[in-house]
Every structure is written in structure tokens, then in C-alpha cells.
Amino acid sequence: MEILLFVIGLIFAYLLGSIPSAVWIGKALFGKDVREHGSGNPGATNTFRVLGKKAGVIVMLSDIIKGLLATTLVGFMMQSGYYPETNVILYKLIFGVTAVIGHIFPLFLNFKGGKGVATLLGMMVGIHWEIALICVVVFVVTLLITKYVSLSSIIATLSFPSMLLLLPRFQSTEPVLILFGFFLFVVVLWTHHKNIKRLLTGNENKSYLIKRKK
């Protein structure tokens, strides 16, 4: 029974991650498919670029909630007695990663999804909200300095396992958490490989949190 419920939970986490927030919200509220505009990526960054801040914030929060719900599901199942209360971090990581994979390879978009950063953030919040908050600060500061969303996402993702490994306040007794942190960093590098090429050639698009005065 435990194995069956675990598989059901994984399927739920994947389907949750597969919800194409940018596409569905863009079509329903703004009458546009973000895949046909901008970079063509069905994620929050392209939604900001194509549909503006209001739509971008809605999509970003929706994607964050997907990762958060996937990890929160573990706690609910354990409290209900369906999952053992041991290895809670491992279970949260597995379910969170499954939601991120669902976002990157969504069933509802023929497995062509976004880059998973917002869903990854939701997963981090569900596992360690303090470090997740710091990662957000790292992202914002990096974006303000460099104007590159891709670079900011990469650095913010790397800061998660780095803080667990190096800062005494956050040092984890769960080696699997640190390993997964670096694994997710590699995943983010992979999903941003085109952005990295553009960064190296100086062709990456810039984004401005604070609009420049004309």
C-alpha cells in the first residue's frame, strides 16, 4: 500500500508541475499564447516580457505554488499516516524534483515546457524557507546588477546548496539535501544552456526591474 501511495503521489506531483500556467493564463486572461511571442518559452520570464508585470506575477506565483504544493503533500501524507515519518527530506526532494520535471517536460504541452526556476523556488520554500528567501534576495540583487534573468537564476540556484554546505547556521545533517541542491543546479544549467551561450556571446536579453528613464 505504501508503494502504491508513493507512486500515486509522484504522478500527482508530476501532473501538478505539468500545469502550463503561462500558456493557460495567457490564453484565458489575455488572449495570447506566450509560445508565439518573445523567446517562445512558456515560463514566467517570457510572460513578463510578452504580457507585462501583472500577468508575469500571476504566472510566477502559480509556478511557485506548484513546487510548494508538491513538497507540502509529503507532510500531509505523513501526518495522515500514509507515509512513514522517516526520511521526510528525501521524500520532499523526490516530490519537489518530480514537480520541477513536470514543469520542464509537461504532459499538457507535448513535453516542451519552461525552465523550472519558479517551481524550483516553491520546492525550496517547502523544504527550507529561510534559505529560499535568501535565494530570492540573491536573485534580485544579481538581476539589479547584471540585468540578466538567466544569470540571476543560475547564481541563486547555486547559492542554495552552497549555504547548506558553508554557512554554520544552515549546515545540514542531511547530505542528500546538499547533493540534490547541486543536482538541481546542474539541471538549471542544462535548461539555461541557450541562455549561457547568449551570455558568452553578449546577445542575452536584458530585463529591468526598475525601468530606465527615457
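What to note about this one:
- Among the helices (runs of 4 or more DSSP H) confined to the range 53-135, the ones with at least 3 residues that are within 16 Å of W24 (Cβ to Cβ) are located at 53-79.
- From P168, P161, residue being at pLDDT below 95 and closer than 25 Å to Y91 by Cβ: P161
- Residue within the range 14-36 that is surrounded by fewer than 20 Cβ atoms within 10 Å (Cβ to Cβ), under 18 Å from the mean Cα position of the chain (by Cα) and under 19 Å from S150 (Cα atoms) present: no
- When each of F139, F170 is tested for being within 13 Å of the chain's Cα centre (by Cα) and among the hydrophobic types (A, V, I, L, M, F, W, C), the lone residue that passes is F139.
- Any chance V7 is of a type in the set (A, V, I, L, M), farther than 27 Å from Y208 by Cβ and either modelled with pLDDT of 90 or more or more than 18 Å from the chain's Cα centre (by Cα) (or both): yes
The values are calculated or read from the model by the stated rules, or taken from the named source; none is laboratory data. Remember, it's a predicted structure, so these values are computed and weren't measured experimentally. Heads up, the Cβs are rebuilt from the backbone with ideal geometry, glycines too, and the neighbour counts pull from every protein chain shown.
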